[in-house]
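Presented below is the structure to which this report refers.
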Amino acid sequence: MNRRRFVYVVIISFMIIITVAVLRSCQINSKKTNEPENEIKEIPVKAADAKITDLKQTVKLTGNIIGTEVIQIFPSVTGKIKTILVKQGDPVRANQTLFQIDRDVIGMEFRLASVQSPINGYVASIYANRGMSVAPATPLAEIVNQKNVECVVQIMEEDINTIASGSEAEITVNSFPDRIFKGIVYKKSPVLNQISRTQEIRISIENSSLELRHGMFADVEIITKLLRNVLIVPVDSLFYDKDDVLSVFIVRNKKAVKTPVSISVEIGNYAVVESGLSAGDTIITLGHENVNEGDQLLVYKEEF
């Protein structure tokens with residue numbers, strides 16, 4: 001009997017030890033499971049610094065580069081082309097002889113007649129061949145002065161009142177993709193093209209380097225509004241809070257701080273800030289819809 005009681009005591013003691021071990025294991029696992037719930041979550045966002053810069057509004061167009069002086073060369077006499085003294089692309093001076101014409105007719109003899117360039121420039125085209133018969137109405141060549149050139153563009157009817165004479169323009173061409181040539185709008189056609197409903201605009205461009213050539217295709221941006229030294233932020237950083245107040249989130253010590261702002265104008269993807277921010281303030285530019293005041297942030301900085 002004593003021996004049986006002893007066996008019962010051992011079995012019960014063993015069961016108690018197993019129960020305690022299981023309960024302790026469950027408590028440890030419960031602690032491990034609850035530990036992440038006590039961690040502070042960081043919300044990933046993109047952010048950038050508000051900055052002071054120049055902001056411009058432009059109208060983008062395409063056009064053609066032309067010389068300010070494009071002269072067609074005609075002979076003053078009838079005859080045959082005896083000599084062609086230039087070739088396409090050659091520079092020429094005013095009063096330089098370009099062609100010589102044989103005016104001889106049966107029974108008469110004349111000196112060779114000279115055809116001269118009236119301007120300094122370049123030979124853009126030659127239309128005549130040696131031995132060809134010509135008359136005063138026959139075009140022989142085209143001379144272009146490229147020291148000053150123009151860009152001719154067509155603007156849509158809705159943009160007519162946004163572009164004024166004197167507006168600045170920036171021009172790029174495929175030959176110099178990294179160069180920006182400056183120009184000024186100096187002439188607007190008084191009428192519209194009845195078919196395209198567009199207005200012709202001419203932009204004057206200084207070209208002393210002769211890099212721009214007559215006939216080049218150009219991409220043009222005409223500046224319609226220019227604001228200098230203004231504080232700007234991306235439009236995407238702005239939002240209205242629950243009280244319908246325009247705001248941004250500033251990042252301070254990796255936490256979100258909601259800040260009311262006022263803006264004066266939006267141009268493209270940017271807004272000009274009148275109050276509420278200072279240059280260098282780091283603001284959330286992407287992800288603010290997932291953020292509340294005081295949230296801990298995981299910030300990825302970017303430039304704009």
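Values quoted throughout were computed directly from the atomic coordinates according to the rules given, and no laboratory measurement underlies them. From a predicted model like this one, the values you see are computed outputs, not experimental measurements. No Cβ is skipped: glycine too gets one built from the backbone with ideal geometry, and neighbour counts run over all protein chains shown.
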Name the most mobile residue of L85, L227, L238, meaning the one with the largest mean-square fluctuation, in a Gaussian network model of the chain with Cα contacts below 10 Å. L85
In the structure shown, of K60/K187; K51/K301; K51/K225; K46/K182, the pairs separated by more than 24 angstrom at the C-alpha atoms are K46/K182
Which of the GluC sites (Glu not before Pro) across the range 136-194 are loop residues per DSSP, with 16 or fewer other Cβ within 10 Å? none
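Run through the range 130-223 and list the trypsin sites (Lys or Arg not before Pro) located in a DSSP loop whose Cβ has at most 14 other Cβ atoms within 10 Å.
Here the sparse-neighbourhood loop sites are R130, R197.
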To the nearest whole percent, what portion of all C-alpha pairs in the chain is separated by more than 31 angstrom? 63
Long-range amide H partners of F239, meaning residues 5 or more apart or on another chain whose placed amide H is closer than 5 Å, are S247
With Cα coordinates, the longest principal axis of the chain makes an angle with the long axis of helix 2-38, in degrees rounded to 10, of 30
